[in-house]
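Enquirer: Mind having a look at this structure? Questions to follow.
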Amino acid sequence: MIVVDIPSLLPLASSLSPPLSLSGQLLVASRKLRDPNFQRTIVLLLEHNDDGALGVVLNRQVDRTIEQVWDTVEFDPCDCQQQLNQGGPVPGPLIALHTSKELSEKRILPGLYMSMQKQTVDPLVRQDKHPFRLYTGNSGWGGGQLEGELTQGGWLTTPAAVSDVFADPDEIWEEVVNRIALGVLLPGRNPATVPDDPSLN
């Protein structure tokens, strides 16, 4: 089994140059980040350009189901028992991430889409064919703000996968940190192909 010293690898990982646009990437809160809104969070960036960045936290849930909040947003009642997610501290419209191309308003990753309008979000919560997650609030940065936090070592970055959106919220932070650490140890190697027996590397 490979033993990864995560704390010692985080500074090295944070020094790797991110792409110019981080849209479709994960922000992984490092231990240097003291903002309680983002401690041990994973943020999927939905937009990132010179004007700023917008994303949603993937691993914070609200203690209410979609059914319990649906009538408060002026939709017809629904019986969806999925938990609502806290996308961040910035108020805003509900954001759905899902796998339905037909109900898509924007593609985030191949096979992952975003919707915010009533006519696309409402059908999502009434079907069971396409996996989805619903977020209240979002995470936003002004122009240059996120870049400053990255320079200070507050965040690590790594490409997102569709499966990250649907991962266990209690486990995803550690899983992604390990993924980054393995990428530093074994550049160009898919962590999923790393054998448990180090002699096989």
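All of the numbers you see were taken from the coordinates with simple rules; none came from a lab. If you're wondering where the values come from, they're calculated on a predicted model, not measured in any experiment. Backbone-built Cβ (ideal geometry, glycine too); neighbour counts: all protein chains shown.
Enquirer: Name the residue from 143, 87, 68 whose Cα lies farthest towards the positive end of the charge dipole of the range 6-182, charges +1 on Cβ of Lys and Arg and -1 on Cβ of Asp and Glu.
Expert: Value computed over the given set: 143.
Enquirer: Enter the Cα centre distance for the pair the range 62-111 and the range 147-177, rounded to the nearest angstrom.
Expert: Rounded to whole Å, the Cα centres lie 21 Å apart.
Enquirer: Here is a further query. Can you give the FRET efficiency to the nearest 0.05 for residue 32 and residue 162, using r as the Cβ-Cβ distance and R₀ = 41 Å?
Expert: 0.90
Enquirer: Could you work out the local net charge near residue 161, counting Lys and Arg as +1, Asp and Glu as -1, over the other residues with Cβ closer than 12 Å to its Cβ?
Expert: In short, -1.
Enquirer: Looking at the range 91-180, I'd like the Rg to Rh ratio, where Rg is from alpha-carbon atoms and Rh is Kirkwood's inverse mean 1/r.
Expert: Checking Rg against Rh, the ratio lands at 1.01.
Enquirer: Starting from the 7 Å offset along Cα-to-Cβ, what nm value, one decimal, do you get for the label separation of residue 151 and residue 171?
Expert: A separation of 3.9 nm, rounded to one decimal place.
Enquirer: Rg/Rh for the range 6-182: what does it come to with C-alpha atoms and Rh from Kirkwood?
Expert: 0.97
Enquirer: Treating only the Cβ atoms of Lys and Arg (+1) and Asp and Glu (-1) as charged, compute the dipole magnitude of the range 6-182 about its Cα centre; round to the nearest 20 debye.
Expert: Computed charge dipole of the range 6-182: roughly 420 debye.
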